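Down below is the structure, laid out as structure tokens.
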Amino acid sequence: MESSSIDSNILSLSMLEEDEHSHHQFSSISKLHSNVPTTTSVHDLLECPVCTNSMYPPIHQCHNGHTLCSTCKSRVHNRCPTCRQELGDIRCLALEKIAESLELPCRYISLGCPEIFPYYSKLKHEAICNFRPYNCPYAGSDCSAVGDIPYLVAHLRDDHRVDMHSGCTFNHRYVKSNPMEVENATWMLTVFHCFGQYFCLHFEAFQLGMAPVYMAFLRFMGDEREARNYSYSLEVGGNVRKLTFEGSPRSIRDSHKKVRDSHDGLIIYRNMALFFSGVDRKELKLRVTGRIWKEQQNPDGGVCIPNMCA
């Protein structure tokens, strides 16, 4: 009996020691796995501590191993922003090599982009990603607001208090009491809602070479591919004369300055604008009319036909 009891105790002790060893071994493995850098932690290592943007070769480091991007290296006057030691010209080749092996989702994944790219291709994609947010299209001042189209529509209405209209035709009057003294001016933006989309009508005065001109043009609140599905026309006239323009609206991906400088719209020289305005030609009184339509594919002929808004 005694011997059997001792054997039983020895067996229990042996099993306990084995369990403890297994638990210790499992804990060691867990710690080992927890010390392996995850994609997220590596991505954090690749974030520049100065500008917080992702770092791309050449990635620089100081003698203590603190890293920063090449753009910020010149900004900190060759001093490490973390330890204040001199940076020198040391490349962090190990981090550059690790980055090369990574595959990461587009930064606009929360906005709907499903793509995954090698680390060094990711930045190029994000610069042209169709899901990237849009800049505010307001032209009257520099506005840093960015977001999707519903956000920007609300922003234009509530913060810039622009004119909001529904419908695909428009008839706008632009007035200036001292047109000869104004060479650069921007009139209030007008936003139209039709075909379930939003369009921005711009009207500006600027110098074209040595000649003062006015220009009206339309921009589409969406990407370039969608913008090609629509067309618009503009007309201005008076004294039994008229000027017309017809084309496709440019996307708000293109800044209003880029569109204006490409002369992609209705351009009216000031002398002609004053001729349209009335007999005395001392006050600008221009009436700009226009319409927007959607191009539809004709199932019979295979050509685009205009779909007019009712």
In segment 226-261, which residue that is β-branched (V, I, T) and open to solvent by 20 Å² or more (accessible area, probe 1.4 Å) is modelled with the lowest pLDDT? V240
Counting only residues that are over 29 Å from the mean Cα position of the chain (by Cα) and part of a loop (DSSP other than H, G, I, E, B), segment 58-99 contains a total of 17
It is to be established whether one or more residues within segment 190-205 are among the aliphatic types (A, V, I, L, M), under 16 Å from S251 (Cα atoms) and touching a Cys at 6+ places or on another chain (Cβ under 6 Å). yes
Segment 100-137 - residue that is touching a strand residue (DSSP E or B) at 6+ places or on another chain (Cβ under 6 Å) and not in a helix (DSSP H, G or I) and, of those, most open to solvent (accessible area, probe 1.4 Å): E103
For segment 227-243 the number of residues that are over 28 Å from the mean Cα position of the chain (by Cα) and either of a type in the set (A, V, I, L, M) or not assigned by the TED database to the domain that holds C200 (or both) is 4
Leading residue by the ranking (nearest to G290 (Cα to Cα)) among those in segment 154-170 that are open to solvent by less than 80 Å² (accessible area, probe 1.4 Å) and in a loop (DSSP other than H, G, I, E, B): C168
Hey, could you check segment 179-190 for residues that are in contact (Cβ under 8 Å) with a residue 40 or more places away in the chain and in a loop (DSSP other than H, G, I, E, B) and say which is most open to solvent (accessible area, probe 1.4 Å)? M188
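The values are calculated or read from the model by the stated rules, or taken from the named source; none is laboratory data. These figures come from a predicted structure and were not determined experimentally. Counting neighbours? That spans all protein chains shown, and the Cβs are built from the backbone with ideal geometry, glycine included. To get the accessible areas, we keep the full protein, side chains included, count just its heavy atoms, and leave off ligands, DNA and RNA. Shrake-Rupley method; radii C 1.70, N 1.55, O 1.52, S 1.80 Å.
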